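**Student:** If you scroll down you'll find the structure; I have some questions about it.
The values are calculated or read from the model by the stated rules, or taken from the named source; none is laboratory data. The structure presented is a predicted model; accordingly, all values stated were derived computationally and were not measured. Glycine gets a Cβ as well: all are built from the backbone with ideal geometry, and neighbour counts include every protein chain shown.
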Amino acid sequence: MLSARFKPWHVPLFLAKYAWLSMRKRPLLVHFEVTLRCNARCGFCDYWKTPAEAREHELASYADAARHFNPMLVTFTGGEPLMRRDLEDIVAAVDAAVRLKYVTLITHGGMLTPERAASLWQAGIHQFNISLDYLDGRHDSARGIPGLTEKIFNAVDGMRARGIDNIRFNTVIKDDNLDQLLPLVERAASLGCGVNFSVYTDAKNGNRDHVLAAPLHAALDDVIARLLDLKRRHRGVITNSDAYLEQIPRWVRGETMEPCRSGQRTIHIDPTGHVKRCPDFPTDFHWRDHRAYAPIDCNACFYACRGEAQAPLRLSRVRDVMGRPHAIA
Ligand code: SF4
Ligand code: SF4
């Protein structure tokens, strides 16, 4: 299993909840954007420009929304969620509100100490996803946080020493990190961590600097084939579905024509409690007034909330969940 906190007998329970939510056309995954504030300085995202005063409108608790949707997957995200000093209280309240769930925290890692991680683990986080796009100093400059890469690896060492066994790196595939992807997987595996990939889009703020243009498509095909080969031999290290990785080259080439189903299986709830179909769309209604989303004709990204949501549930997905990160010989 991905974490020792979950046992094989949890798998049929989650499958039953998956079927129950799907039959009722309810979201499987709810992202709680607990703040849009962020202390990074990424060139491809404008969340860090959110004024400090925005905190006055951030919800103190997401427990009622969690109880209402009763999802099987919960993600705390931002902005940078660790900007919330009360994050442990928020997590613990959601933990108490939903019985069967898998809870993830997404962070840039710049404020993640082993102590803070341990207290969030105690509050109910089951999986830490730390953004990491390069193994070298380019990550620090891309995120605008000096020393970030070293901080992340120090935090991971301390977290592993405290028994936190479910850490993943969130890696965005870009124009200039194709050479980093396999080394990043190997490094993660050597630390007992996993890697979750997504692919760069300019949808956040129109920055096309890292778009995978046509001259890179052959190299992308090659690296995706290698990642899939590695993934099939070492289940549990790369945590995307096979189907998602297989579709990335199609999306990059503009060949994915099917409507986007974001908002159907996954929703985002912003810091004020309003729902949007995906991170980059405006909000539509308060969570109390939630109505099911219809598919939309948009091809602006291939985020997991799009690509994983439309990936078929194959047996390989169950084998992924049963796997564990392990060193790759
Ligand atoms: S991409 Fe993440 S780390 Fe960077 S500014 Fe946006 S919210 Fe912050
Ligand atoms: S493709 Fe879907 S997830 Fe991506 S920006 Fe468009 S609506 Fe949002």
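**Student:** Among the residues of region 199-214, which ones are farther than 21 Å from Arg250 by Cβ and away from ligand 2 (no atom under 15 Å from the Cβ)?
**Tutor:** Asp209
**Student:** I would also like to ask the following. Any idea which of (1) among the basic types (Lys, Arg); (2) touching a residue at least 60 places away in the same chain (Cβ under 8 Å); (3) farther than 25 Å from His210 by Cβ is the one Arg162 doesn't satisfy?
**Tutor:** So Arg162 meets the others, but not (2).
**Student:** Here's a follow-up. Only one of Ala16, Ala60 is part of a loop (DSSP other than H, G, I, E, B), loosely packed, with under 15 Cβ neighbours inside 10 Å and not charged (D, E, K, R); which? Before the answer, list the steps.
**Tutor:** Details: Ala16 fails: part of a loop (DSSP other than H, G, I, E, B).
Within the list Ala16, Ala60, the selection yields Ala60.
**Student:** Can you name every residue in region 270-297 that is crowded, with 16+ Cβ neighbours inside 10 Å and either within 16 Å of ligand 1 (Cβ to nearest atom) or among the aromatic types (Phe, Trp, Tyr) (or both)?
**Tutor:** Asp270, Pro271, Lys276, Cys278, Pro279, Asp280, Phe281, Trp287, Tyr293
**Student:** Name the pairs: first residue in region 11-29 and within 13 Å of Val74 (Cα to Cα), second residue in a helix (DSSP H, G or I) and of a type in the set (S, T, N, Q), Cβ to Cβ under 8 Å, at least 6 apart or on different chains?
**Tutor:** Leu28/Ser22
**Student:** I would also like to ask the following. Kindly indicate whether Val185 is within 16 Å of Gly323 (Cα to Cα), touching a His at 6+ places or on another chain (Cβ under 8 Å) and of a type in the set (Val, Ile, Thr).
**Tutor:** Here the answer is no, as Val185 does not meet what is asked.
**Student:** So, one more: Quick one: what pairs do we get from region 302-313, first residue part of a loop (DSSP other than H, G, I, E, B) and at pLDDT 75 or above, second within 16 Å of ligand 1 (Cβ to nearest atom) and β-branched (Val, Ile, Thr), C-beta under 8 Å, 6+ apart or different chains?
**Tutor:** The qualifying pairs are Phe302/Val199; Phe302/Thr201; Tyr303/Thr201.
**Student:** Still on this structure: Considering every residue within region 255-262, establish whether at least one is of a type in the set (A, V, I, L, M, F, W, C), surrounded by 22 or more Cβ atoms within 10 Å (Cβ to Cβ) and under 24 Å from Asp297 (Cβ atoms).
**Tutor:** Among the residues of region 255-262, at least one is of a type in the set (A, V, I, L, M, F, W, C), surrounded by 22 or more Cβ atoms within 10 Å (Cβ to Cβ) and under 24 Å from Asp297 (Cβ atoms), which makes the answer yes.
**Student:** State yes or no: is Asp46 surrounded by 14 or more Cβ atoms within 10 Å (Cβ to Cβ) and among the charged types (D, E, K, R)?
**Tutor:** Numbers: surrounded by 14 or more Cβ atoms within 10 Å (Cβ to Cβ): yes; among the charged types (D, E, K, R): yes.
So Asp46 passes the test.
**Student:** To continue, here is another question. For the list (1) touching a helix residue (DSSP H, G or I) at 6+ places or on another chain (Cβ under 7 Å); (2) crowded, with 19+ Cβ neighbours inside 10 Å, I need the number of the one condition that Asp140 fails.
**Tutor:** Only one criterion is unmet by Asp140, namely (2).
**Student:** Here are the criteria: (1) over 21 Å from the mean Cα position of the chain (by Cα); (2) within 16 Å of ligand 2 (Cβ to nearest atom); (3) acidic (Asp, Glu). Tell me which single one Glu33 does not satisfy.
**Tutor:** (1)
**Student:** Right, here's the next one. Go through the residues of region 70-78 one by one and say whether even a single one is in contact (Cβ under 8 Å) with a residue 60 or more places away in the chain and in a loop (DSSP other than H, G, I, E, B).
**Tutor:** no
**Student:** Now a separate question. Any residue at all in region 33-44 that is out of contact with any Cys (no Cβ under 7 Å at 6 or more places or on another chain) and at positive phi?
**Tutor:** no
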